[in-house]
Number of protein chains: 2
Amino acid sequence: MTHRMIGILGGMGPEATVDFFREIIRLTPARKDQDHIPVVIRSDPRVPERTQAILSGGEDPTPCLLEGALVLERAGAGIIAVPCNTAHYFLPRVQPKVGIPILNMIEETYQSVLRLLGTADAVGLLATKGTVLSGVYGDVFSRHGVKVIVPDAGDQEAIQQAVFQIKAGTYDRARQDVFERIGSSLAESGAQAVILGCTEIPLGFHEERVSYRVVNATRVLAQAAVDWALERRG
Amino acid sequence: MTHRMIGILGGMGPEATVDFFREIIRLTPARKDQDHIPVVIRSDPRVPERTQAILSGGEDPTPCLLEGALVLERAGAGIIAVPCNTAHYFLPRVQPKVGIPILNMIEETYQSVLRLLGTADAVGLLATKGTVLSGVYGDVFSRHGVKVIVPDAGDQEAIQQAVFQIKAGTYDRARQDVFERIGSSLAESGAQAVILGCTEIPLGFHEERVSYRVVNATRVLAQAAVDWALERRG
């Protein structure tokens with residue numbers, strides 16, 4: 001069996017890339033090394049900070065993302081996955097210059113929500129400020145008539161700080177409690193499912209500890225990449 | 001701070017590559033994404049099985065390893081790390097055809113043993129049959145006057161089976177007990193330290209549960225790569 005090669009444009013952050021790579025391995029039916037999917041990863045943590053670029057005029061990450069995508073294409077990848085939700089804001093300017101498709105984690109997550117719920121009226125979103133305020137989720141979901149409920153300003157700031165702490169290597173229980181508590185509050189506000197819409201969040205979130213429905217966008221993207229590699233989709 | 005880019009020739013197996021990548025991240029002093037080291041990974045699980053090639057005339061993995069190394073070089077890596085001990089048997093035929101250095105996990109592990117013990121007379125080796133019988137460790141250590149103690153045939157077979165079970169995704173307690181028990185028996189035979197000389201073994205080994213000294217070759221290789229990227233070495 002020859003699988004197609006997945007390209008991963010990662011490093012945003014590196015631990016989230018590890019988590020995504022591990023999801024791909026876990027989702028692949030394999031009994032030995034040779035059953036697994038070939039993967040090429042460019043983990044480039046130098047990509048300028050995405051939320052700062054969106055909100056406060058920080059350096060544009062687009063050139064760095066494009067350079068990485070072209071490296072993956074030249075290295076033989078047939079598709080690109082970008083395990084960073086916030087980076088998706090910039091991808092419409094990268095895709096036209098790359099010869100292979102870039103998976104859209106946000107669209108994939110919408111499809112996954114539909115499969116989970118049948119129909120949806122409202123979902124909750126745990127994500128960075130950049131992802132929330134740029135509307136990458138809001139645009140996709142509202143086009144399909146689904147409302148995206150986001151945290152209030154104080155909770156959003158707490159999420160942002162917890163994400164930065166995870167990027168700094170801090171995974172303690174307090175960080176987990178922030179995500180799980182705010183997710184719960186979104187569910188109480190009417191979210192039928194809560195999206196883990198930042199790839200650092202699954203590193204500090206235990207799905208089995210919460211009573212609301214969760215859609216992990218990292219895992220959704222990994223499943224889409226695996227389905228492509230195994231030729232379950234085009 | 002601009003770090004140099006590490007190339008990882010992985011996929012042997014994929015989970016061991018994840019473990020190695022994670023060691024690099026853990027060993028890097030970083031407070032934010034941009035402090036981390038750029039890494040390019042080619043995880044190619046299609047590389048023919050190494051132990052079978054060494055022992056029973058299976059397909060030679062050298063061309064596949066060379067192709068991967070060249071992809072990493074073209075993708076901008078400045079050095080290559082191969083997180084598979086058994087693959088080191090084939091690397092002397094790859095290195096001359098690649099323009100960037102390939103780290104030698106076995107030499108690095110010898111240096112790490114010396115740093116740990118001061119001087120060493122004998123070490124134990126937990127590794128695949130291919131690594132043990134091809135003498136990749138024995139050659140390096142005996143050149144320095146250090147004896148390598150290996151398991152008896154029954155224990156060696158048990159290690160090989162446990163490694164294949166880990167590659168198949170099985171990480172249960174029984175697998176861990178095999179490695180820890182056989183390591184203990186090597187220590188009782190005079191090994192001053194026990195080398196985890198197969199990159200699957202750290203996935204099923206808890207160093208804090210054993211009373212003998214352990215040198216994890218995966219971590220040693222990761223440290224060497226990080227030291228190079230941070231320009232602590234040439």
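Residue of chain A with the smallest Cβ distance to the axis mapping A onto B, distance rounded to whole Å: A:Ile41, 2. Take each residue of peptide B:24-35, count the partner chain Cβ atoms within 10 Å of its Cβ, and average: the result is 6. Charge dipole of region B:140-227 (Cα centre as origin; +1 on each Lys and Arg Cβ, -1 on each Asp and Glu Cβ, all else neutral): 180 debye, rounded to the nearest 20. Shape analysis of the protein assembly as shown places it in the prolate category; the axes a ≥ b ≥ c from the Cα gyration tensor give an a/c of at least 1.5, with a/b above b/c.
Only Lys, Arg, Asp and Glu carry charge here, each on its Cβ (+1 for the first two, -1 for the last two); on that basis the protein assembly as shown has a dipole of about 500 debye about its Cα centre.
Each copy carries A:Arg26; placing its label point 7 Å along the C-beta direction from Cα gives inter-copy distances of 1.8 nm, listed from smallest up.
Between the Cα long axis of helix A:105-117 and the first principal axis of chain A there is an angle of about 60°, rounded to the nearest 10. With both residues required to sit in the protein assembly as shown, DSSP beta bridges show an antiparallel share near 10%. The relative contact order of region B:97-153 comes to 36 percent, based on Cα pairs under 8 Å that sit 6 or more residues apart. Among the residues of B:12-18, the average count of other protein chain beta-carbon atoms within 10 Å of the residue beta-carbon is 6. Only the Cβ atoms of Lys and Arg (+1) and of Asp and Glu (-1) were treated as charged; on that basis the dipole of chain B about its Cα centre amounts to roughly 540 debye. In this assembly of identical copies, the label point of B:Pro101 (Cα plus 7 Å along Cα-to-Cβ) is separated from its counterparts by 4.4 nm, sorted shortest first. Modelled spin labels at A:Gln161 and B:Arg115, positioned 7 Å past Cα toward Cβ, are 3.7 nm from each other. Think of it as helices only: each DSSP H run of n ≥ 4 in chain B is worth -39500 (n - 2.57), and spread over all residues that comes to -13500 deg cm²/dmol at 222 nm. Amide H to amide H distances under 5 Å link A:Ile195 with A:Gly124, A:Leu125, A:Leu126, A:Val215, where only residues 5 or more positions off or on other chains count and H is placed in the peptide plane.
Distances over 20 Å make up what percent of all Cα-Cα pairs in region A:1-116? Result: 44 percent of Cα pairs exceed 20 Å. By the rule of a C-alpha distance below 27 Å, with chain neighbours fewer than 8 residues away ignored, the lysines paired with A:Lys129 are A:Lys147, A:Lys167, B:Lys32. The alpha carbon centroids of region B:1-51 and region A:38-76 are separated by 17 Å. Distances from A:Glu67 to itself in the other copies, using label points 7 Å out along the Cα-Cβ axis, amount to 2.9 nm in increasing order. Measuring heavy-atom accessible area with a 1.4 angstrom probe and counting protein chains only, the residues of region A:39-86 that give up at least 20 Å² relative to the chain alone are A:Val39, A:Val40, A:Ile41, A:Arg42, A:Ser43, A:Pro45, A:Arg46, A:Val71, A:Ala75. Relative to the longest principal axis of the Cα atoms of chain B, the long axis of helix B:217-229 makes an angle of roughly 20 degrees. In whole percent, and with a 1.4 Å probe on the protein chains, what portion of the accessible area of the protein assembly as shown is carbon and sulfur? That fraction is 49 percent.
Sorted from greatest to least, the principal axis extents spanned by the alpha carbons of region A:105-216 come out as 36, 29, 23 Å.
The values are calculated or read from the model by the stated rules, or taken from the named source; none is laboratory data. Bear in mind that the values here come from a model prediction, so they are computed numbers and not experimental data. As a convention, Cβ positions derive from the backbone with ideal geometry for all residues, glycine included, and neighbour counts pool all protein chains shown. Each accessible area value is taken on the protein alone, full model and side chains, heavy atoms only, with ligands, DNA and RNA left out. Shrake-Rupley method; radii C 1.70, N 1.55, O 1.52, S 1.80 Å.
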